[in-house]
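Reviewing the structure listed below.
The values are calculated or read from the model by the stated rules, or taken from the named source; none is laboratory data. Quantities reported herein were computed from a predicted structural model and do not represent experimental measurements. Cβ sites come from the backbone with ideal geometry, for glycine too, and all protein chains shown count toward neighbours.
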Amino acid sequence: MIAARKTGLAARVVAAYVRRKVRQSFRGVWLRGTLPPPASRILLYANHTSFWDGFVAAELSDAAGWDGYCLMEEQNLRRYRFLTRLGAFSIRRGDPVSALESLRYACRLLERPATAVAIFPEGELRPYRGAPHPLERGVEVLARRAGCTCLPVAIRYRFFEHELPDVLVGVGEPHAPVDLAGFADRLAATLGDLADTRGLDDFTPLVRGRRSVMERWDAVRGRAG
């Protein structure tokens, strides 16, 4: 297993680099819902449709004041080992020994207050089809062993009237550990809350990104007027 290494100057540099990439790539990251208090111990479970999802989870942890970590497939983390500085740690899917080691590691992380561990229980990148794909049982096992608060999170990438996408993050109700069907139902409900979103009126900004061409043009016209 590859452990997270969120210490020293390297961790700060990687965090700053990731924040910059998010700002450059999106109009913003927007939140709907209420985050649990910073002192909480959180198992954050989310749908997984994009390479960006882990970075979005890191932004959510920063906004909430949590020390954030993220479970990642080991073959990918070996390729991008710098992500350990952002809090990524690994699991080898299909390897029971690796899974147990990763589970124990995640439980140790979740013994600490103000810590969040993000997992994507669909297991791999999946296209969004209106509901989550079947979840893997690891989310239930980890939640019960860690005895922490569980938080369903929906992530969607949407284009509105601008050429740059917006990242929409919906946060469901925190809950105690439940069975696998309970996790699936809560994640599906949280995703459903974002399904018909047509704008950002009831969202709050987590990260402000780049202004679109339309916004820059409107700003120039406003100054000219």
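Counting just the residues of segment 1-56 that are in a helix (DSSP H, G or I) and among the aromatic types (F, W, Y), which one comes out nearest to A106 (Cα to Cα)?
Selected residue: F55.
In segment 128-147, how many residues are at pLDDT 90 or above and either in contact with a helix residue (DSSP H, G or I) (Cβ under 8 Å, 6 or more places away or on another chain) or surrounded by 21 or more Cβ atoms within 10 Å (Cβ to Cβ) (or both)?
Final tally of qualifying residues: 10.
Could you pull out the residue among L71, L125 that is closer than 21 Å to N47 by Cβ, modelled with pLDDT under 95 and under 14 Å from the mean Cα position of the chain (by Cα)?
Answer to the check: L125.
Sort out which residues of segment 178-194 are part of a helix (DSSP H, G or I), among the charged types (D, E, K, R) and under 20 Å from G138 (Cα atoms), and write them in order of number.
Hits for segment 178-194 are D185, R186.
For the condition crowded, with 23+ Cβ neighbours inside 10 Å and under 16 Å from G209 (Cα atoms), what is the one hit in V18, V29?
V29
Do you know which of the residues in segment 201-216 that are closer than 17 Å to R23 by Cα and part of a loop (DSSP other than H, G, I, E, B) is modelled with the lowest pLDDT?
Filtering segment 201-216 for residues that are closer than 17 Å to R23 by Cα and part of a loop (DSSP other than H, G, I, E, B), the one modelled with the lowest pLDDT comes out as S212.
What number of residues in segment 34-54 are more than 14 Å from the chain's Cα centre (by Cα) and surrounded by 16 or more Cβ atoms within 10 Å (Cβ to Cβ)?
3
Please find, among A99, A88, A118, A57, the residue that is among the small types (G, A, S) and surrounded by fewer than 22 Cβ atoms within 10 Å (Cβ to Cβ).
Within the list A99, A88, A118, A57, the selection yields A99.
Restricting attention to segment 57-78, and to residues there that are of a type in the set (D, E, K, R) and assigned to a strand (DSSP E or B), which single residue is nearest to P127 (Cα to Cα)?
E73
If you scan segment 165-200, which residues turn out to be among the charged types (D, E, K, R), crowded, with 18+ Cβ neighbours inside 10 Å and at pLDDT 95 or above?
Matches in segment 165-200: R186 only.
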